[in-house]
Amino acid sequence: MILIVGGAGYIGSHTIKELVEKSEVLVLDNLSTGHQWAVDERAIFVKGDLGNEEDLEKIFSSYTIDAVMHFAANSLVGESVINPLKYYHNNVTETLTLLKVMMKHNVKKFIFSSTAATYGIPKDDFLTELSLTKPINPYGRSKLMIEQILEDFFHAYDLHYVVLRYFNAAGAHESSSIGESHEPETHLIPIILQHLLGQREKISVFGTDYETPDGTCIRDYIHVTDLAKAHILALNALLTGRKQTAIYNLGNGTGYSVKEIIETCEAVTERQAKIEYVERRAGDPAQLIASSEKIFQELGWKAQLKLPAIIESAWNWHKRNV
Ligand code: UFG
């Protein structure tokens, strides 16, 4: 049985769609930001909190867990700058509770959702796993802290783990049955598509004076199903003993500016956006682009879906949910 903590969220629910084909899946989620409707019906769902030791004890004593995937976290860069306590509590303290109960029950295979925000302001055009990690916001720091804790747990308790550093997750499942659904929504692509569906008056572009060709921030957008597939490969590598520890970047290796994203959304939807240019948002680095060469070499993973296909899948999902 594979335990998916935070399986009702955006990336967790897409990973479950891939995982239920081959494994028994148990989901723990407190539904603070996720949705029970997003969890595939073939998975067992338990409503509970990863910070609650009693909830965890019940699960680990009732089921034989072979590995844990941990998706449950707060993940908004801007919010983390304003409310760091929430981020250090939910992302660090609660993860420690999960790890503590795992160690007690001798469950020693772990896949951790990390982020490109661990790099801070990049010195390299393409970030590799060896690039300097110097986060510039509490969200990135909270994830890096867990990465460091995992390394110590490997040495002290023989915890085997894979850290997956996501770049900008986007898109929706090919069935359009699940997709990105945050409340409130803060991410660029869903915001643009909601605007193009008439649900928002305009799009605000945060900052036009970055050191990038058009002055807006550049990000590496990666389809959520590509992310999901990387989790399956990482899990197999742990379960077969092929890997004891690893850190992998997950991105497409191509950067798009905020302006380019808006233009691609306009092209895919054949609609025109109304844009306002405003101040920078706190905590945003100018550019984040991945090199995902390491996971290609070691596990054979490569992103399949490029930007127009990513936006098209998101558009299909948003149109269904107007
Ligand atoms: N942006 C706008 N207007 C908006 C929303 C976003 O201009 O209304 C800009 C942001 O300033 C940023 C870019 O669009 O430059 C992308 O912003 P998102 O909020 O969509 O995504 P982030 O890059 O801030 O963060 C996402 C995840 C993080 C993760 C990061 C890694 O939310 O968890 O990608 O790159 F750490």
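The values are calculated or read from the model by the stated rules, or taken from the named source; none is laboratory data. Computed from a predicted structure; not experimentally measured. Heads up, the Cβs are rebuilt from the backbone with ideal geometry, glycines too, and the neighbour counts pull from every protein chain shown.
A few remarks follow.
- Qualifying residue in the stretch 65-73 (condition: without any contact (Cβ under 8 Å) to a residue 60 or more places away in the chain, surrounded by fewer than 18 Cβ atoms within 10 Å (Cβ to Cβ) and in contact with a helix residue (DSSP H, G or I) (Cβ under 9 Å, 6 or more places away or on another chain)): no
- Test for Ala267: is it outside any loop (DSSP other than H, G, I, E, B), small (Gly, Ala, Ser) and loosely packed, with under 14 Cβ neighbours inside 10 Å: yes
- Complete set of residues in the stretch 270-289 that are of a type in the set (A, V, I, L, M) and either surrounded by fewer than 19 Cβ atoms within 10 Å (Cβ to Cβ) or near the ligand (Cβ under 9 Å from one of its atoms) (or both): Ala273, Ile275, Val278, Ala282, Ala286, Leu288
- Residue match in the stretch 297-311 (condition: without any contact (Cβ under 8 Å) to a residue 24 or more places away in the chain and either out of contact with any strand residue (DSSP E or B) (no Cβ under 6 Å at 6 or more places or on another chain) or surrounded by fewer than 17 Cβ atoms within 10 Å (Cβ to Cβ) (or both)): yes
- The set of residues in the stretch 54-82 that are of a type in the set (S, T, N, Q) and within 15 Å of the ligand (Cβ to nearest atom) comprises Asn74, Ser75, Ser80.
- Output for the stretch 191-212, where each listed residue is closer than 12 Å to Ile262 by Cβ and assigned to a loop (DSSP other than H, G, I, E, B): Lys202
- Criterion (within 15 Å of the ligand (Cβ to nearest atom), closer than 19 Å to Ile4 by Cβ and not assigned by TED's automatic domain parsing to the domain that holds Ile289) met by exactly one of Leu227, Leu233: Leu227
- Scope the stretch 204-220; condition within 8 Å of the ligand (Cβ to nearest atom) and among the acidic types (Asp, Glu); matching residues: Asp220
- Residue within the stretch 151-159 that is farther than 23 Å from Gly34 by Cβ and outside any helix (DSSP H, G or I) present: yes
- With respect to the stated conditions, Gln287 fails to be outside the structural domain of Phe126 (by TED's automatic domain parsing), of a type in the set (S, T, N, Q) and over 29 Å from Ile136 (Cβ atoms).
- Residue selected from the stretch 237-264 under the condition over 21 Å from Ile189 (Cβ atoms) and of a type in the set (Val, Ile, Thr), by the criterion surrounded by the most Cβ atoms within 10 Å (Cβ to Cβ): Ile247
- A single member of Glu201, Glu183 is at pLDDT below 95 and within 16 Å of the ligand (Cβ to nearest atom), and it is Glu183.
- Here Tyr210 meets each of (1) outside the structural domain of Lys22 (by TED's automatic domain parsing); (2) crowded, with 24+ Cβ neighbours inside 10 Å with one exception, condition (2).
- The single condition among (1) more than 18 Å from Ala290 (Cα to Cα); (2) within 15 Å of the ligand (Cβ to nearest atom) that Val101 does not meet is (2).
- Single residue of Leu76, Leu98 found to be hydrophobic (A, V, I, L, M, F, W, C), at pLDDT 95 or above and in contact with a His (Cβ under 9 Å, 6 or more places away or on another chain): Leu98
- Taking the criterion of being touching a helix residue (DSSP H, G or I) at 6+ places or on another chain (Cβ under 9 Å) and outside any helix (DSSP H, G or I), the residues of the stretch 213-228 that qualify are Asp214, Gly215, Thr216, Cys217, Ile218, Arg219, Asp220, Tyr221, Ile222, His223.
- Qualifying position, being more than 14 Å from the ligand (Cβ to nearest atom), under 25 Å from Gly253 (Cα atoms), under 20 Å from the mean Cα position of the chain (by Cα) and not in a helix (DSSP H, G or I), among Ile111, Ile136: Ile111
- Number of the exception - Ile136 against (1) modelled with pLDDT of 95 or more; (2) touching a strand residue (DSSP E or B) at 6+ places or on another chain (Cβ under 6 Å): (1)
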